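As structure tokens, the structure follows; a few thoughts come after it.
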Amino acid sequence: MKRNLLNLQANCCCCFEPQRVIEPEEAQRISDLFEMAAHPVRLQILHVLAGEKQPVCVCDLQSLLPIKQPTVSHHLRLLLDAGFLQVERRGIWAFYSIRPEPLRRLKEHLSTLLTPETD
């Protein structure tokens with residue numbers, strides 16, 4: 001029988017009651033964000049954009065990365081779809097910048113994992 005931490009059985013062998021539990025849906029959302037950010041190229045893109053105050057042109061990102069333009073566009077699209085980036089079109093060029101909320105959520109979750117509960 002699979003033990004569900006949210007619904008401990010009366011016949012359980014111990015009296016463990018977790019101090020904090022993450023719902024499966026929230027765990028999946030956080031996991032998806034970590035997975036999206038964990039790719040080396042996407043991590044490089046996030047790192048560059050996080051250090052800039054102004055949006056960065058896709059052409060500048062292409063020159064910084066060791067991959068070809070279609071692959072850069074693919075990773076930018078994934079980050080955009082996941083909510084990490086926002087894009088501003090200026091003529092034929094696309095300028096990308098960070099949306100801080102997803103990164104803030106990852107930071108808060110890591111902080112929660114690294115900070116023990118105190119009474």
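Yes or no: Glu23 surrounded by fewer than 13 Cβ atoms within 10 Å (Cβ to Cβ), over 15 Å from Arg99 (Cβ atoms) and either more than 14 Å from the chain's Cα centre (by Cα) or without any contact (Cβ under 8 Å) to a residue 24 or more places away in the chain (or both)?
Details: surrounded by fewer than 13 Cβ atoms within 10 Å (Cβ to Cβ): yes; over 15 Å from Arg99 (Cβ atoms): yes; either more than 14 Å from the chain's Cα centre (by Cα) or without any contact (Cβ under 8 Å) to a residue 24 or more places away in the chain (or both): yes.
For Glu23, the condition - surrounded by fewer than 13 Cβ atoms within 10 Å (Cβ to Cβ), over 15 Å from Arg99 (Cβ atoms) and either more than 14 Å from the chain's Cα centre (by Cα) or without any contact (Cβ under 8 Å) to a residue 24 or more places away in the chain (or both) - is met.
To keep it simple, each residue is scored yes or no on (1) of a type in the set (S, T, N, Q); (2) over 21 Å from Pro40 (Cα atoms); (3) at pLDDT 95 or above; (4) surrounded by 12 or more Cβ atoms within 10 Å (Cβ to Cβ).
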site: Leu78; (1), (2), (3), (4): no, no, yes, yes
site: Arg99; (1), (2), (3), (4): no, no, yes, yes
site: Arg104; (1), (2), (3), (4): no, no, no, no
site: Glu108; (1), (2), (3), (4): no, yes, no, no
site: Leu114; (1), (2), (3), (4): no, yes, no, no
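Here is the figure for region 96-119: residues that are of a type in the set (S, T, N, Q) and part of a helix (DSSP H, G or I) total 2.
Taking region 25-95 and the helices (runs of 4 or more DSSP H) fully enclosed by it, the elements with 3 or more residues that are under 22 Å from His109 (Cβ atoms) and in contact with a helix residue (DSSP H, G or I) (Cβ under 8 Å, 6 or more places away or on another chain) are at 40-50. Taken residue by residue, region 61-71 has at least one member that is surrounded by 15 or more Cβ atoms within 10 Å (Cβ to Cβ), within 12 Å of Tyr96 (Cβ to Cβ) and modelled with pLDDT of 90 or more.
The values are calculated or read from the model by the stated rules, or taken from the named source; none is laboratory data. From a predicted model like this one, the values you see are computed outputs, not experimental measurements. With ideal geometry, Cβ positions are generated from the backbone for all residues, glycine too; neighbour counts draw on all protein chains shown.
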